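The values are calculated or read from the model by the stated rules, or taken from the named source; none is laboratory data. All values reported here derive from a predicted model rather than from experimental measurement. With ideal geometry, Cβ positions are generated from the backbone for all residues, glycine too; neighbour counts draw on all protein chains shown. When the accessible area is computed, the model is the full protein with side chains, heavy atoms only, and any ligands, DNA or RNA have been set aside. Shrake-Rupley method; radii C 1.70, N 1.55, O 1.52, S 1.80 Å.
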Amino acid sequence: MNNNLNKSLMGLALTAVLLSSVNASAANTKVASLPLSAERIGLQLQQYQAQGAGPFSAAAGQALWLQQSENRSCASCHTAKVTDPGMHQNTRKPIEAMAPSLTSNRLTDAAKIEKWFTRNCNWTFKRECTPQEKGDVLLWLSLQ
């Protein structure tokens, strides 16, 4: 019971940190939906914690983003600098910047976040990402 309480408190604290860090930078951006994005990210991280993941690490998220698997990585299409637009390796379709600070609809919908992880983890790593990996990447992206 104590462990569950600690996880819940950690989730609430993480959500508060995300919201305050995004709100502090929101004045310097034109993206109106940043608070919604931060709230959604916090809720997603809480869901991953409920699945046994955490604590999350932005450094681990960035490392996974750059990790090569059969000559592929997240950065292969989305670029290493997520504030830059990307391009799908096979289709050559342009991809908007992954950074929620620049692309207003990034990370605002739980179903889209999960669909994105399912599609991209399977394409890049030939497997589903774990809740820990999802949380690490989501935390890292939220700080971009």
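The table that follows gives values for the structure above.
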item: Any hit, region 82-105, residues being within 19 Å of LEU43 (Cα to Cα) and open to solvent by 60 Å² or more (accessible area, probe 1.4 Å); result: yes
item: Matching residues in region 92-103 - criterion: being at pLDDT below 90 and of a type in the set (Val, Ile, Thr); result: THR103
item: Breaking point among (1) open to solvent by less than 30 Å² (accessible area, probe 1.4 Å); (2) without any contact (Cβ under 8 Å) to a residue 24 or more places away in the chain; (3) among the small types (Gly, Ala, Ser), for ALA111; result: (1)
